[in-house]
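Undergrad: Mind having a look at this structure? Questions to follow.
Rule-based calculations on the coordinates, nothing more; no lab input. Because the structure is predicted, anything quoted here is derived from the model rather than measured. Cβ atoms come from the backbone with ideal geometry, glycine included; neighbour counts cover every protein chain shown.
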Amino acid sequence: MKYISFIVFLLPFLVSAQDPIAIGCKLLKETDPYTRETKLSSGFITLQGASLTIDSDNKEIDFFFAIGDKCFNDASTVFIFFEGSKTKTTYRNSGSMNCEGYFHFIFKNGLITPTVLKKLATQKAASFVFTGSDNKATTVSLLPDQQKALMDNSACMIEDSKTLIKK
């Protein structure tokens, strides 16, 4: 009897330990009224000098940054530096030319998750360095709680975006 009550006592702790990524996934879900397609969004994540939202539909996962009054064009880039590593990852702006500070980089939504997207969900991103159309760099460094928020939202998006893929 002692063993059974001990197991029953530990059951809530064991159940929550099964899937730590799923806990805390609070993605916003909306259905487009015209196309009837479901979209997921992380909502805005506040960073040092910028904000980020991660959106997903059945075709792509979009990382959308808003960085003040900076101009971006097709040749604009972002370098992602990861904590504890000297390597960097580079992406071009996938959005339209603008001077509102909007920068996108997009991953294809598929059954196989791109390696860099997995890296964003499992490793702490230390900073993003954006180069605009004026060739001047703007650095967005992440605090520890912002790194965790980015990792958690990326992991949730990876998992939940696969449910949007049409078979």
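Undergrad: Pairs under 7 Å by beta carbon, first residue without any contact (Cβ under 8 Å) to a residue 12 or more places away in the chain in the stretch 101-129, partner buried (at least 20 other Cβ atoms within 10 Å of the Cβ) and in a strand (DSSP E or B), six or more apart or different chains?
TA: Pro114/Phe107
Undergrad: Let me ask something additional. Against the conditions (1) over 20 Å from Lys166 (Cβ atoms); (2) of a type in the set (Lys, Arg); (3) surrounded by 12 or more Cβ atoms within 10 Å (Cβ to Cβ), where does Lys59 fall short? Just the number, please.
TA: Only one criterion is unmet by Lys59, namely (1).
Undergrad: A further question follows. Taking Asp160 as meeting all but one of (1) in contact with a helix residue (DSSP H, G or I) (Cβ under 9 Å, 6 or more places away or on another chain); (2) under 19 Å from Thr53 (Cβ atoms), write down the number of the exception.
TA: That leaves (1) as the condition not met.
Undergrad: Could you grab me the full set of residues in the stretch 119-148 that are in contact with a Cys (Cβ under 9 Å, 6 or more places away or on another chain) and either outside any loop (DSSP other than H, G, I, E, B) or under 13 Å from Ile80 (Cβ atoms) (or both)? Please lay out each step first, then the result.
TA: Narrowing the stretch 119-148 to residues in contact with a Cys (Cβ under 9 Å, 6 or more places away or on another chain): 121, 132-134.
Within the stretch 119-148, Ala121 is the sole residue that qualifies.
Undergrad: Do you know which of the residues in the stretch 80-93 that are over 15 Å from the mean Cα position of the chain (by Cα) and within 17 Å of Asn135 (Cα to Cα) is surrounded by the most Cβ atoms within 10 Å (Cβ to Cβ)?
TA: If we take residues in the stretch 80-93 being over 15 Å from the mean Cα position of the chain (by Cα) and within 17 Å of Asn135 (Cα to Cα), then Asn93 is surrounded by the most Cβ atoms within 10 Å (Cβ to Cβ).
Undergrad: I'm trying to understand the selection: among the residues of the stretch 107-118, which are surrounded by 18 or more Cβ atoms within 10 Å (Cβ to Cβ) and not in a loop (DSSP other than H, G, I, E, B)?
TA: Of everything in the stretch 107-118, those that are surrounded by 18 or more Cβ atoms within 10 Å (Cβ to Cβ) and not in a loop (DSSP other than H, G, I, E, B) turn out to be Phe107, Leu117.
Undergrad: In addition: Going by what's in this entry, would Phe65 be described as more than 10 Å from the chain's Cα centre (by Cα) and buried (at least 20 other Cβ atoms within 10 Å of the Cβ)?
TA: Details: more than 10 Å from the chain's Cα centre (by Cα): yes; buried (at least 20 other Cβ atoms within 10 Å of the Cβ): yes.
Yes.
Undergrad: Please work out if Thr138 is free of Cβ contacts under 8 Å to residues at least 24 places away in the same chain and not acidic (Asp, Glu). Steps first, please.
TA: On the way: free of Cβ contacts under 8 Å to residues at least 24 places away in the same chain: no; not acidic (Asp, Glu): yes.
No, not satisfied.
Undergrad: Would it be correct to say that Thr77 is among the polar types (S, T, N, Q), surrounded by 14 or more Cβ atoms within 10 Å (Cβ to Cβ) and touching a helix residue (DSSP H, G or I) at 6+ places or on another chain (Cβ under 7 Å)?
TA: Working: among the polar types (S, T, N, Q): yes; surrounded by 14 or more Cβ atoms within 10 Å (Cβ to Cβ): yes; touching a helix residue (DSSP H, G or I) at 6+ places or on another chain (Cβ under 7 Å): no.
When the stated conditions are applied, Thr77 does not pass them.
Undergrad: Being of a type in the set (Lys, Arg) and within 18 Å of Thr89 (Cβ to Cβ) narrows it down to one residue among Lys166, Lys118; which is it? Steps first, please.
TA: On the way: Lys166 fails: within 18 Å of Thr89 (Cβ to Cβ).
Selected residue: Lys118, the only one of Lys166, Lys118 that is of a type in the set (Lys, Arg) and within 18 Å of Thr89 (Cβ to Cβ).
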